[in-house]
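Peer 1: Take a look at the following structure, please.
The values are calculated or read from the model by the stated rules, or taken from the named source; none is laboratory data. Note that this is a predicted model, so its numbers are computed, not measured. Positions of Cβ are generated from backbone atoms using ideal geometry, with glycine treated the same way; all protein chains shown enter the neighbour counts.
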Amino acid sequence: MSRVRTLPIQTASATYDVLLGEGLLADLPQQLRVIFGERPRRSFVVTAPEIWGLWSEAFLAGFAPNESPTVLQLPAGEHHKRLAALERLAQQLATAGADRSAVLIAFGGGVIGDVTGFLAAIYMRGIDFIQVPTTVLAQVDSSVGGKTGVNLAAGKNLIGSFHHPRLVLADTAVLRTLPPAELRSGLFESLKAGLIHDRALFEFIEQHTEALLRQETGPLTHVIAESVRIKACVVSQDEREAGLRMILNFGHTVGHAIEALTHYRGLLHGEAVGWGMRVAVEASRTRGLPSTEADRILAAIDALGLPPLPRLTARRLLNAAAGDKKRIGGVRHFVLLERIGRAQVVKDLADDELLQAIQRGLKLGRSTG
Ligand SMILES: NC(=O)c1ccc[n+]([C@@H]2O[C@H](COP(=O)([O-])OP(=O)(O)OC[C@H]3O[C@@H](n4cnc5c(N)ncnc54)[C@H](O)[C@@H]3O)[C@@H](O)[C@H]2O)c1
Ligand SMILES: [Zn+2]
């Protein structure tokens, strides 16, 4: 097995490692022993049928037959990230005799991770869980930082809890079966991480776009590791999103609006954030981001390959963005860039300013607004 990188996460309430490397799945049983001791605990893997179909053999390879985890399935897709799924899985745990010493293993993308994490947070008032993320997005973003939860019909992630995993084990080999659009979607979150916090990561992605889209292991592992390091740095300073952590929402106000208006079916999350970042760049340009940098960012976003925007008007997007969760006490918090690698949260972005940024960033003519 090639080199394993250990990326430590340290927040006010939890300390754990992200292990990143090629072929790491084989190490899972050993890592469970390192964390939980030699005396085996009952473990339950929560996964999606398509992921299990592709990767169950590799996942189970290192386990002795008597220590194999019990498999619980959640069908793929954002619309299964609901309370109903949680109740069904909790019932299955109880029926299988899971007690407070049970360990859950989230084996899948962000949907599986968010549901499993929340299940671990509330089953018997909280049990241990680990994350084995299988998408780029989950490896660079959702498996780290302790946010867990499910959606309501009224909106995404409206029910949830902070509950950190005891370990994140990210095997880059499993990304090989990822559909190209899912790969790209995750890379937009890495680009975001670079833009808000680390110019070098932005420039690396800018210079290695082709290699990343071809999934070359070296560059991809570097980008995942750096993205995790940035997220770790931000959440270690502001675990509960009292301030700094908000910068992770760069591009997300309009990204979420696009997702909501297209009922989460139009674009993948990272793609919607890609369009949202274009808007945030235009808003930043009018607030002092140098134009040369703004143009450079737009080029980097476009080079990753944005799929066409679904038919939406600027006005509808503005209205949808008004209902964004990041509105606190009626005040919109909007993340802007001062420079590549440095973000700030502003509270005074007027509707008009945002509307114009939407028109420019999404290339929507005034007549459609
Ligand atoms: N908790 C957080 O901090 C946080 C942060 C960002 C996003 N999220 C959440 O993450 C979710 C999105 O996660 P996602 O982008 O990973 O989507 P996803 O979990 O829906 O996975 C995308 C698709 O890829 C499939 N898949 C996963 N791994 C695969 C593999 N290795 N090979 C082939 N197919 C595979 C899945 O079955 C699914 O169909 C959203 O619900 C979002 O709210 C959470
Ligand atoms: Zn995101």
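Peer 1: Suppose we filter region 68-94 for residues that are over 14 Å from Val46 (Cβ atoms) and surrounded by 15 or more Cβ atoms within 10 Å (Cβ to Cβ); how many remain?
Peer 2: Counting residues in region 68-94 that are over 14 Å from Val46 (Cβ atoms) and surrounded by 15 or more Cβ atoms within 10 Å (Cβ to Cβ) gives 2.
Peer 1: While we're on this one: State the number of residues belonging to region 142-193 that are within 16 Å of His269 (Cα to Cα), more than 16 Å from ligand 2 (Cβ to nearest atom) and among the charged types (D, E, K, R).
Peer 2: 0
Yes/no per residue for (1) touching a Lys or Arg at 6+ places or on another chain (Cβ under 7 Å); (2) more than 14 Å from ligand 1 (Cβ to nearest atom); (3) of a type in the set (Lys, Arg); (4) more than 27 Å from Gly160 (Cβ to Cβ):
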position	(1), (2), (3), (4)
Glu206	no, yes, no, yes
Ala211	no, yes, no, yes
Glu239	no, no, no, no
Gly243	no, yes, no, no
Asn249	yes, no, no, no
Val254	no, yes, no, no
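Peer 1: From the list Leu25, Leu32, exactly one residue is touching a helix residue (DSSP H, G or I) at 6+ places or on another chain (Cβ under 6 Å) and either of a type outside the set (Lys, Arg) or buried (at least 18 other Cβ atoms within 10 Å of the Cβ) (or both). Which is it?
Peer 2: Leu25
Peer 1: Separate question: May I ask you to list the residues in region 52-67 that are of a type in the set (Asp, Glu) and surrounded by 14 or more Cβ atoms within 10 Å (Cβ to Cβ)?
Peer 2: Glu67 - this is the single residue of region 52-67 that is of a type in the set (Asp, Glu) and surrounded by 14 or more Cβ atoms within 10 Å (Cβ to Cβ).
Peer 1: Do you know which residues across region 235-263 are in contact with a helix residue (DSSP H, G or I) (Cβ under 7 Å, 6 or more places away or on another chain), farther than 30 Å from Arg316 by Cβ and surrounded by fewer than 20 Cβ atoms within 10 Å (Cβ to Cβ)?
Peer 2: Gln237, Asp238, Leu244
Peer 1: Quick check on my filter: what residues within region 93-135 are of a type in the set (Ser, Thr, Tyr) and more than 15 Å from ligand 1 (Cβ to nearest atom)?
Peer 2: Those that are of a type in the set (Ser, Thr, Tyr) and more than 15 Å from ligand 1 (Cβ to nearest atom): Thr95, Ser101, Tyr123.
Peer 1: Go through region 61-82 and report how many residues are assigned to a loop (DSSP other than H, G, I, E, B) and more than 18 Å from Arg33 (Cβ to Cβ). I'd like the intermediate steps shown before the answer.
Peer 2: Of all residues in region 61-82, those assigned to a loop (DSSP other than H, G, I, E, B) come to 61-64, 68-69, 74-77, 81.
Next, from what is left, pick out any that are more than 18 Å from Arg33 (Cβ to Cβ): 74-77, 81.
Going through region 61-82 one residue at a time, the tally reaches 5.
Peer 1: Applying the selection to region 43-62, what residues are of a type outside the set (A, V, I, L, M, F, W, C) and either under 20 Å from Pro75 (Cα atoms) or at pLDDT 95 or above (or both)?
Peer 2: Listed by number, the residues that qualify are Ser43, Thr47, Pro49, Glu50, Gly53, Ser56, Glu57.
Peer 1: To continue, here is another question. Looking at Glu338, is it surrounded by 15 or more Cβ atoms within 10 Å (Cβ to Cβ), within 23 Å of His197 (Cβ to Cβ) and touching a Leu at 6+ places or on another chain (Cβ under 9 Å)?
Peer 2: Working: surrounded by 15 or more Cβ atoms within 10 Å (Cβ to Cβ): no; within 23 Å of His197 (Cβ to Cβ): yes; touching a Leu at 6+ places or on another chain (Cβ under 9 Å): yes.
It is false that Glu338 is surrounded by 15 or more Cβ atoms within 10 Å (Cβ to Cβ), within 23 Å of His197 (Cβ to Cβ) and touching a Leu at 6+ places or on another chain (Cβ under 9 Å).
Peer 1: Only one residue in Arg42, Arg3, Arg100 is among the basic types (Lys, Arg) and surrounded by 12 or more Cβ atoms within 10 Å (Cβ to Cβ). Which one?
Peer 2: Within the list Arg42, Arg3, Arg100, the selection yields Arg42.
Peer 1: Among the listed residues Ala106, Ala138, identify the single one that is within 16 Å of ligand 2 (Cβ to nearest atom), buried (at least 21 other Cβ atoms within 10 Å of the Cβ), within 19 Å of Pro75 (Cα to Cα) and aliphatic (A, V, I, L, M). First the steps, then the outcome.
Peer 2: Details: Ala106 fails: within 16 Å of ligand 2 (Cβ to nearest atom).
Answer to the check: Ala138.
Peer 1: Scanning for something closer than 30 Å to Ala12 by Cβ, touching a residue at least 24 places away in the same chain (Cβ under 8 Å) and not acidic (Asp, Glu), does region 208-216 turn up at least one residue?
Peer 2: no
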